[in-house]
Amino acid sequence: MTEAMKSCACCAEEPTEEELLERLDAVIAEYKGKPGALIPVLQLAQGIFGYLPEVALKHIARELRKPYSEVAGVVGFYSFFTTVPRGKHLIRICLGTACYVRGGVQVMDAFKEELGIDIGGTTEDRMFSLEIGRCFGACGLAPVIMVDDDVHHRVKPKRVNEILAKYAGEPALTERSA
């Protein structure tokens with residue numbers, strides 16, 4: 001195997017928990033002793049792990065000398081944080097007023113049915129996670145969803161398969177059955 005292939009992210013093995021904790025230690029070292037360090041450390045930890053596992057929360061509490069209950073309380077309070085592994089693609093469905101009135105609930109139901117998960121869940125293959133958003137600032141284009149950083153507007157339930165296929169890298173289910 002060439003040196004280039006060894007360093008390629010696509011060929012690399014998943015980092016071990018120990019390696020992830022080492023990365024977390026570097027973050028903690030940067031913020032330790034600074035006022036208000038907990039939230040930025042949690043944000044960066046979630047970026048490292050992809051979510052906030054209990055081992056990371058306990059490690060943060062110990063290293064920042066905070067009670068575990070305080071760390072867990074912050075994670076539970078802010079919807080940005082998750083203790084459940086997220087999928088490769090995060091789907092957020094806007095249920096702000098305009099999106100709600102223009103069919104956001106039906107779009108949400110279509111995603112839930114197609115993915116076989118509920119809000120806050122992740123598919124078994126860890127391809128998709130599903131969450132609710134409150135407003136994406138595109139009310140005139142409602143209903144709106146975001147997949148990762150991509151905004152999809154005027155989404156209809158019948159387009160759900162097409163949208164999912166784009167991110168799953170396969171033809172839409174309606175195209176496969178045709």
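Compute the long axis of helix 104-115 from its Cα atoms, compare it with the longest principal axis of the Cα atoms of the chain, and write down the angle in degrees, 0 to 90, nearest 10.
70
Below 8 Å between Cα atoms, with a sequence gap of 6+, how large is the relative contact order for the stretch 13-77 in percent?
Details: 39 pairs, mean separation 19.3, N = 65.
Value for the stretch 13-77: 30 percent.
Go ahead and run the numbers for FRET between LYS166 and LYS58, Cβ-Cβ distance against an R0 of 30 Å, rounding to 0.05.
0.20
Whose amide H sits under 5 Å from the amide H of GLY133, counting only residues 5 or more places off or on another chain, with H placed in the peptide plane?
For GLY133, whose amide H was placed from the backbone, the distant partners under 5 Å are ILE93, CYS94, LEU95.
Using 0.36 nm times the number of residues separating GLU17 and THR97, minus their current alpha carbon distance, what extension gain do you get? Don't skip to the end; give the middle numbers.
Numbers: separation 80, 0.36 × 80 = 28.80 nm, distance 4.18 nm.
Gain on extension, GLU17 to THR97, equals 24.6 nm.
If each residue of separation counts as 0.36 nm, what is the full-extension length gain between LYS156 and THR83 once their alpha-carbon separation is subtracted?
Extra length from LYS156 to THR83 when fully extended: 23.2 nm.
Once phi is turned into ³J(HN,Hα) by the Karplus curve 6.51 cos²θ - 1.76 cosθ + 1.60 with θ = phi - 60°, what whole-Hz value does each residue of the stretch 81-97 show in order, with x for glycine and proline?
For the stretch 81-97, the Karplus curve yields 7, 9, 9, 10, x, 8, x, 4, 10, 9, 9, 10, 9, 6, 10, x, 3 Hz.
How much net charge surrounds HIS153 when only other residues with a Cβ under 12 Å from its Cβ are counted (Lys, Arg +1; Asp, Glu -1)? Provide the component values of the computation, followed by the final result.
Details: positive: ARG102, ARG154, LYS156, ARG159; negative: ASP150.
With Lys, Arg at +1 and Asp, Glu at -1, the neighbours total +3.
Rule-based calculations on the coordinates, nothing more; no lab input. The structure presented is a predicted model; accordingly, all values stated were derived computationally and were not measured. Every residue, glycine as well, gets a Cβ built from its backbone with ideal geometry; the counts of neighbours run over all protein chains shown.
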